[in-house]
Each structure stands twice: as structure tokens, then as C-alpha cells.
1. What does the charge add up to near VAL243, with Lys and Arg as +1, Asp and Glu as -1, over the other residues with Cβ less than 12 Å from its Cβ?
2. Could you sort out which of LYS52/LYS102; LYS14/LYS222; LYS128/LYS222 sit more than 29 Å apart by Cα distance in this structure?
3. Report, ordered by chain and residue number, the lysines lying within cross-link reach of LYS219, taken as a straight Cα distance under 21 Å and ignoring same-chain residues fewer than 8 apart.
4. Relative contact order, percent, of the chain when contacts are C-alpha pairs under 8 Å separated by at least 6 residues?
5. If the label point is 7 Å along Cα→Cβ of THR155, which residues in the range 198-220 have backbone nitrogen under 20 Å from it?
6. Could you compute the net charge surrounding LYS27? Neighbours are other residues with a C-beta less than 10 Å from the C-beta of LYS27; K and R count +1, D and E count -1.
7. I'd like the Karplus ³J(HN,Hα) series for the range 103-108: coefficients 6.51, -1.76, 1.60, θ = phi - 60°, whole numbers in Hz, and an x wherever there's a Gly or Pro.
8. Could you name the aspartates and glutamates in cross-link range of LYS62, using Cα to Cα under 15 Å and dropping any fewer than eight places away on the same chain?
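Just so it is clear, none of the values below were taken in a lab; they were calculated from the coordinates. If you're wondering where the values come from, they're calculated on a predicted model, not measured in any experiment. Quick reminder, even Gly has a Cβ in these numbers, built from the backbone with ideal geometry, and neighbours come from all protein chains shown.
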Amino acid sequence: MNIIVRENYYEMSKHAAGMIAELIRSKPDCVIGFATGGTPIGTYKELIRMHKEEGLDFSEVKTFNLDEYLGVGIDLSKPYNLDQSYARFMHEELFKHINVRKENIHIPDGLTKDPEEYCKLYEDEIKKAGGIDLQILGIGGDGHWAFNEPGSSFTSRTRVEALAQQTLDDNYEAFYKKAGISREQMPRYAITMGIATILEARTIIMLANGSKKADIVAKALKGPVTTDVTASAIQLYKGKATVILDKEAAAKL
Ligand code: PGA
């Protein structure tokens, strides 16, 4: 595992975007696993800049997102604030600004009528695309990867998962409160890629920033490998993992 510590959030984001761009330039039809949350927004901003100013070309890139809330989905006719879906997040923060083709975008369908069957299909889609070349990951305050909450098995695959209280609290503070959505209205379940699904990606970039993440980053990277901190699965990963942190998130390493 290669751990890179950068001075601040901007430098962390720039480094991550540079690595993603390098992959796209060397393999224009690569498969990228995208993540949502506050952490990767700066990386996406930099990718958008590279697309606009340097012609970074996403036209052949295929994408798979890690997760989506169950019961919500993209409906562009609705006002932004009423839809906190990850589909909308990806559209607003990245996809609408670049030339990725709609048919190449895969985000779990939060409105599926048959979640169990859908999860199997999602796994099949990843396989059909040839697997994920590069998976971008954050880390939750409770150590989760995607919505693999504490206790999720390292052999887990794409499935429905109940969100842990800490995740509900973190997401409320980061997204829902601002949007005027009450705690009671927040989705409590999500479709998430499993830990085993994530570990099959050929390369991984994990990002974390801010002092709030320092303890959990240290636990995941240096502590015991445990399903209590599902991101500690990175220590079992066989591919090339790069962890990019700002100084604050790296403080406890
Ligand atoms: P954050 O979430 O980027 O909003 O901190 C990270 C995660 O839950 O993986």
C-alpha cells in the first residue's frame, strides 16, 4: 500500500485526479468506480477542469458507483433539494460537466422494485464490463467503505445494507440538514457494493481529509484487520492501493 500525504485538501484532490487522468490517457475505455460524499468533490472538480482545459476525454470511460440510497433515485424534474440521491450527486458534481456517455454510467438503482435481484445484476454488469480498473474510495466516520457498515463481512457482495447510526448522523450534518430534510425523512437503507466486490478492483485509490478522519484512518491502515472497520480490508488487498491523505487526516499514522 502506498500512502501519500499532501499539504491540504486541494493538493490531495489534485494528486488523485492526476492519477485518474493518467489511467484514462493510457486506457481510454477504462472502467472507473466512483464514490460519493464530501471527500471526492475536489477530485471531481479537478477532473472537470482537466476535461475543459486539457481535453481529458471520458467518451469511452465506463463508470460504476459504489452505492445508492434505497428508495431514492434520479428525477431531474424534481428540485435539487428534494433529491439527495447519489445519482443526482454524481450528475451535479461530475457527469454533467464531462463527456461521459449516459449508457456507460452505472449507479445502483435506488428505485428498483426487486433490490435482491438488482444487486445480482449489478455484479453481472461489472463483470460484463471486464471488472473495475480503478476504484475510488472514501472512508466513513465509522470506518465504512461504501455502505459496508461495521460488521459487514469481507466476503460480502453487492446487497442492501442498513445504515449505521453514525452514518445517518454524518450524512445529516453533511447533506440533509442543508437541504431542509429532517432526520425522519432520511433513507435508512442503501444498495452497496460489497467488500469482496471492491477488493476485486485492479487498483484502489482511497482518499481522506480533515482531522475528523485521523483516528479512523489510523485504525483502518495500521490497526487490526477487522469487520468493525470495514476499510481495514485494504490491508488484505492484493492489487495496487494508493491512499492519499491531507496532513490532518494523516496526523495519527
Ligand atoms: P465523506 O464520506 O466523504 O462525506 O466524509 C466518506 C464515506 O462515507 O465514505
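1. Summing Lys/Arg as +1 and Asp/Glu as -1 gives +3.
2. LYS128/LYS222
3. Qualifying lysines at Cα under 21 Å: LYS238, LYS240, LYS247, LYS252.
4. 25
5. From the range 198-220, the list is 198-201.
6. Surrounding charge for LYS27 is -3.
7. Here the 3J(HN,Hα) series is 6, 9, 9, 10, 10, x Hz.
8. Leaving aside aspartates and glutamates fewer than 8 places away in the same chain, those within reach of LYS62 are ASP29, GLU103, GLU123, ASP124, GLU125, ASP133.
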